[in-house]
1. Out of segment 413-448, which residues are of a type in the set (S, T, N, Q) and within 57 Å of the chain's Cα centre (by Cα)?
2. Any residue in segment 289-297 that is surrounded by 19 or more Cβ atoms within 10 Å (Cβ to Cβ) and part of a strand (DSSP E or B)?
3. Within segment 462-475, can one find any residue that is of a type outside the set (Lys, Arg), modelled with pLDDT under 85 and touching a Leu at 6+ places or on another chain (Cβ under 6 Å)?
4. Any residue in segment 202-219 that's not assigned by TED's automatic domain parsing to the domain that holds Asn113 and part of a helix (DSSP H, G or I): show its pairings with residues that are among the charged types (D, E, K, R) and surrounded by fewer than 19 Cβ atoms within 10 Å (Cβ to Cβ) at Cβ separation under 7 Å, as long as the two are six or more apart or on different chains.
5. Just need a number here: residues in segment 554-592 that are farther than 17 Å from Thr642 by Cα and in a helix (DSSP H, G or I).
6. Of these, Val596, Val551, Val531, which one is modelled with pLDDT of 85 or more and part of a strand (DSSP E or B)?
7. Among the residues of segment 547-591, which ones are hydrophobic (A, V, I, L, M, F, W, C) and free of Cβ contacts under 8 Å to residues at least 40 places away in the same chain?
Amino acid sequence: MSTYYGYAEREAEDNIDWSVVGSDITKMLQEEVTRREVLKKEIDDASRKFGQTLSEAPTGTHKGANDFITGYTGDVSQARLMQDRLLKSGQLKVKDYLLQRANLTDGTKGIFNVAKKFQAEFKRKADRMTKDESAKLEQTLFQMTEGFANFNNSGAYINPTNFQVSLAKKERVKDKDGNFVYQMSDKPQDNITVNELNTFVSLDLDRFDIDSAMDKFAKSAGVRNQKIRYKDDVTDQYVHITISDVTGDVYNKNLSADQKKLVDSYREAEEDAIEDMISNPYNAASILTDYVGKGYDFTFDPKEAAKDDKMILLEKDPGGSGLPKVVLSKEQNEVLKETISEGIKFKLDQIYSEEGTQIKRDAPPRKDPSLQRKSKTTKNKINNAIFLSDLLYGNDDQKDDALNRLKSLNRKGVKQYRFVETGEKDDNGNPIRNLVADVPDKTQQSGYTTENIIEDFNNKGVNEIVRSLVFDDITNITNAEDRKHYEEIMASVILDNFSKYKDASGNPLTSATLVPAGGGVKSGRTTPPTVPWDQRTVISSSGVTGNAQVVFLEQAKSDATTGNAKGLVKALELSYLGVPKGSTSEIVPLAGVAKVTALSEDDVEDHGITTTAYGTLKIELDPKFSDEKYILIPVWKSTFETTNEVAKYMEGVASDIKKGKDVKKINKEDIRKFFTKTRTFGTNDAEWFDLYNPKGAAKVAFRPYDPTKDIDLADYTAKKKAYENQ
């Protein structure tokens, strides 16, 4: 087989253009140098820009925050210098450097932004709390923020491996050598991210208006009327009972099938309404802490929540929103449901009324209506003499008060009632004492004569004593016409009060037995005795009647708002300074003792309070009752309510002094004790009281002349002079 040998063509020679290669390499090297120079410049620019960020660290009026920012700025500056040195020495890769720098920059900006926001939010949050607008959870979270962002006991920590920034509370502990050192706390609530801190600072959580929610449901619940009729053998009447009670709690007997269905449907509706009210966990937490109260608080520690049923568990949001989740326990949910259910029942129409119908039989003819009216008049006068219970069952001081009340009724010019010894003794060997009255002597133009009212007082029965006083012309409890309609049963309002009094051993009296009078009991005042606040009936502007406290609290429902000093003055004038109908101001302990006026913000500044002026109550006091010329109370809801306790305190002191007792005068130190409202942030009420009522004899200087405010110099001068002369 033949073999073919063909022509093999020679390969073309590879020609290299070294001039081009050289040019390309030179260009590449120059570009790398340029890239490195640009990168170096970018790094230097970033360092300078970051340094400027540090130099513009936020500051404000909160010293703790300023100290924290100053310390943190120093730490970040050192960390930044260390990063730059490691990069330039080749010990740190550019990629790692950029990552660390980003972590440090983002963390620092986050902290500075929160610090700025904290300074801006501080007063607004305090105002929300003062006005009772914020929920307890908002206050708790902001308090935690204050713990970090005020930063007296916290620190920002820079992780040296990746330069991430974290925040944690510091704990003071002993090291192995016995020295005290500070270390990061490992408690969940003591560690926080910058994002959480930012949320806690700005978060607004309003108090849930549970009262309005319960009112709304109660109005929609409807009414179930049930009527029952039975015969009462004691009164010989048919009694008709009407019950309005949709819950079935007031009277759940003898219900018809339809009524039972109504009760069942109500209970289902109530359960649904309550579930709706607490379906939002933040509303539920507000109800527990702001309405139920009783020590409920929040914690991030599951162990603490498991041990204490008053601690509401908060869990951090894994999604990173910064808003913690509220986790209520089974017991806490039960408390919520029971409390709301009870609150609703108080707002429902639950009425029980009885009406008797006399059984028609052969009976005496019906009394003349005019005679019934006269009998009622007599009964009312006996009711007004209920103070005679003090004369029967009280101690000598109480008997003395009763005689003074008796003296205030007379129109016979009685100088005084008193007990006198006859010089004889009774069968038990005790001195015989008569109750007498010193009355004007009709036989001469001046002078008094003594007349017996009740002889041998201590050996009389209580029924006999009351009847004698009611029928006596001198005592003037009743007149001749009234006595025609007197019935013994009328005196029960006086006689049946014995259980309210105590014997010499301090035990309650068990029967209507006279407590003997001593020889030193007499009336000596020329004016009626004062009547305590809980025994005076006055009326509010809305028509509600009750004792002084009832009327004050009724006024507070509408008038207890920030700065409403006029509303507080009105509440006091209607309650503790109010005069009961048919009485004189002499029975009011604070009459002539305290003068109340409302001060505007400008008026407050005129009194030397230039820091923060609110509408303010001014109480001017009579020197006989107080060494304080006046007391100033700035007005918002909590101080409005506190004034109720202050008024009761002042009334007690004034009453004792008017009785001639040697007691401590009204003073601002004792008044301050009533201002117990505290806040998790902001100023407590007691501190506000101190600001408006500085301690010591030195008066706060009158504010300086301000031409932008005091247009009339003569008016300013007059105000200043009036203030300095107070």
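1. Restricting attention to segment 413-448, the residues satisfying the condition of being of a type in the set (S, T, N, Q) are 416, 422, 428, 430, 434, 443-446.
Gln416, Asn430, Asn434 - these are the residues of segment 413-448 that are of a type in the set (S, T, N, Q) and within 57 Å of the chain's Cα centre (by Cα).
2. The answer is no; no qualifying residue exists.
3. Checked segment 462-475: at least one residue is of a type outside the set (Lys, Arg), modelled with pLDDT under 85 and touching a Leu at 6+ places or on another chain (Cβ under 6 Å).
4. Note: pairs meeting the criteria are Ser202/Lys117; Met214/Lys347; Asp215/Lys347; Ala218/Lys347.
5. 3
6. When all the criteria are applied, what remains is Val596.
7. At the first step, the residues of segment 547-591 found to be hydrophobic (A, V, I, L, M, F, W, C) are 548, 550-553, 556, 560, 565, 568-569, 571-572, 574, 577, 579, 587-588, 590-591.
Selection gives Val550, Val551, Leu574, Leu577, Ala591.
Conditions (1) part of a loop (DSSP other than H, G, I, E, B); (2) buried (at least 20 other Cβ atoms within 10 Å of the Cβ); (3) modelled with pLDDT of 85 or more, marked per residue:
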| position | (1), (2), (3) |
| --- | --- |
| Ala306 | no, no, yes |
| Glu334 | no, no, yes |
| Ser341 | no, no, no |
| Asp349 | yes, no, no |
| Tyr352 | no, no, no |
| Ile382 | no, yes, yes |
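The values are calculated or read from the model by the stated rules, or taken from the named source; none is laboratory data. Just so it is clear, the structure is predicted and the values come from calculations on it, not from any experiment. All Cβ positions, glycine included, derive from the backbone under ideal geometry; neighbour counts span all protein chains shown.
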